[in-house]
Every structure is written in C-alpha cells, then in structure tokens.
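First comes the structure, then the notes that go with it.
The values are calculated or read from the model by the stated rules, or taken from the named source; none is laboratory data. Here the structure is a predicted model, which means the values were calculated and not measured. Cβ coordinates were reconstructed from backbone atoms using ideal geometry, including for glycine residues, and neighbour counts include every protein chain displayed. Accessible surface areas use protein heavy atoms only, side chains included; no ligands, DNA or RNA. Shrake-Rupley method; radii C 1.70, N 1.55, O 1.52, S 1.80 Å.
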Amino acid sequence: MFWLSSPDQRAAALPAVWLVATDHRPATLTERSALRRGLARIILAKQLGLEPEIVRIDHEPGGRPLIAAPGGDGLHISLATRAGLVALALAHARVGVDVEQVEPDRQPPFAALHPCEQAMLRALPPPDRPLAFARLWSAKEAYVKALGTGFLRPPESFLVRIEEPDGFTVEDPQRPGSACGFSRTIRNGGHETMAAAFIQLI
C-alpha cells in the first residue's frame with residue numbers, strides 16, 4: 001500500500017493512493033469533477049507511461065469511475081475531492097477512496113451513524129470528535145464507493161471501527177467477514193486538516 005503526494009510520482013506497486021494538494025477551491029460539483037478528472041488523467045498517464053490525452057475516464061451507470069481508455073488493463077480507480085485536495089486510488093480490485101475536511105465547529109450527524117459508531121464518538125472528549133468523525137466518515141464513504149452503491153446504501157447499515165494508528169475495519173451484515181482499510185490524516189497545504197481513507201474489496 002503506497003501513499004503518494006505528487007502527480008509526477010509513479011507507484012512501485014499497487015494498490016496506491018495519490019493525495020495531491022492544489023490551489024483550486026472548486027465551488028460547484030461540475031468544477032470539482034473537472035479538477036479530479038483532469039488530475040486523474042495526468043496521474044494515470046504517468047503511471048501507465050502514456051500521454052495524458054490518450055487516457056479517458058468514464059463512469060459506470062451507478063456512477064463509479066472507470067478507465068475507458070486505454071482498455072484491457074484490469075485496473076480499478078476511485079476519485080475524491082475536498083477543499084482542493086484530490087485523491088485517486090488505483091488497484092487491481094474494486095477500490096474506494098475518500099477525503100474529508102476536519103470541521104471543528106460541526107456536530108457529527110449521529111442519526112446517520114451505526115449505534116456503535118455513535119457510542120464511540122460520544123465517548124470521546126468533544127474537542128477530539130471532529131477528527132474522529134472525519135476519519136470515520138471518510139472510511140464509510142470509501143467503502144460504499146468500493147461497493148459501487150454510493151450512499152444508496154444507508155450509512156448506518158454497516159459498522160466502521162477505527163483502528164489506531166492508521167487503519168479501519170468494516171463489518172457489513174450483507175457481506176461475510178470484515179474488510180480492512182487504511183486511513184491517513186494530513187495537512188492540506190498547511191491549512192485544513194484532512195482525513196483520507198482507502199479500501200480495496202477482494
């Protein structure tokens with residue numbers, strides 16, 4: 001598992017996640033999509049040894065991104081953008097990535113969480129909850145992206161357990177066993193604190 005921070009870096013092996021800070025602060029969904037797709041083409045071209053104009057990213061009917069060109073490489077991607085930070089995960093199996101901004105003044109939406117997640121957050125001192133929630137929610141969103149459902153799957157219907165220092169597990173009654181993922185907390189350009197999460201489903 002590799003964490004990279006520049007679109008010019010090439011992963012020695014997969015899976016890998018690029019977390020690239022930009023100066024952009026897109027205001028609309030269209031602008032966010034253009035930012036992540038444009039940067040994703042550059043990253044994929046570098047990784048695959050191609051020119052960026054050869055790479056094309058489309059979406060499945062459910063919204064999950066896919067590499068439309070070049071074809072036949074068996075690679076899976078996931079994309080995310082928050083506060084100018086672009087995340088791209090690349091793997092040989094279904095994958096999900098997400099980034100969330102830590103918001104110190106925001107109360108966690110407890111009703112959208114599994115009862116065990118609610119209990120975990122409530123047990124923390126209030127100043128520690130924003131980072132814990134950002135780690136939790138980024139893991140939940142990465143998981144539903146890997147499933148390909150997005151939040152058509154209710155977020156309270158499965159349990160994320162944060163594992164210190166940099167992991168998490170997902171317990172889902174609709175899937176046997178548990179799935180394991182990785183998390184990371186970073187400073188975005190020295191300003192916002194961001195929580196990133198990655199999971200691969202075999």
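Per this entry, Arg129 is not counted among residues that are closer than 15 Å to Ala80 by Cα and among the basic types (Lys, Arg). Just the residues that are open to solvent by less than 50 Å² (accessible area, probe 1.4 Å), among the small types (Gly, Ala, Ser) and over 17 Å from Ile186 (Cα atoms), please, taken from segment 1-27. Matches in segment 1-27: Ala11, Ala13. Scan segment 127-134 and give yes if some residue there is among the aliphatic types (A, V, I, L, M) and without any contact (Cβ under 8 Å) to a residue 40 or more places away in the chain, otherwise no. Within segment 127-134, one or more residues are among the aliphatic types (A, V, I, L, M) and without any contact (Cβ under 8 Å) to a residue 40 or more places away in the chain. Within segment 159-177, the set of residues being surrounded by 12 or more Cβ atoms within 10 Å (Cβ to Cβ) and either of a type in the set (Gly, Ala, Ser) or touching a helix residue (DSSP H, G or I) at 6+ places or on another chain (Cβ under 7 Å) (or both) comprises Leu159, Val160, Ile162, Gly167, Phe168, Val170. Residue check: is Arg10 assigned to a helix (DSSP H, G or I) and without any contact (Cβ under 8 Å) to a residue 60 or more places away in the chain? No. Could you tell me whether any residue of segment 4-20 is over 14 Å from the mean Cα position of the chain (by Cα), among the β-branched types (Val, Ile, Thr) and closer than 25 Å to Phe182 by Cβ? Checking segment 4-20: not a single residue is over 14 Å from the mean Cα position of the chain (by Cα), among the β-branched types (Val, Ile, Thr) and closer than 25 Å to Phe182 by Cβ. Inside segment 34-46, residues that are open to solvent by less than 60 Å² (accessible area, probe 1.4 Å) and more than 19 Å from the chain's Cα centre (by Cα) make up a count of 1.
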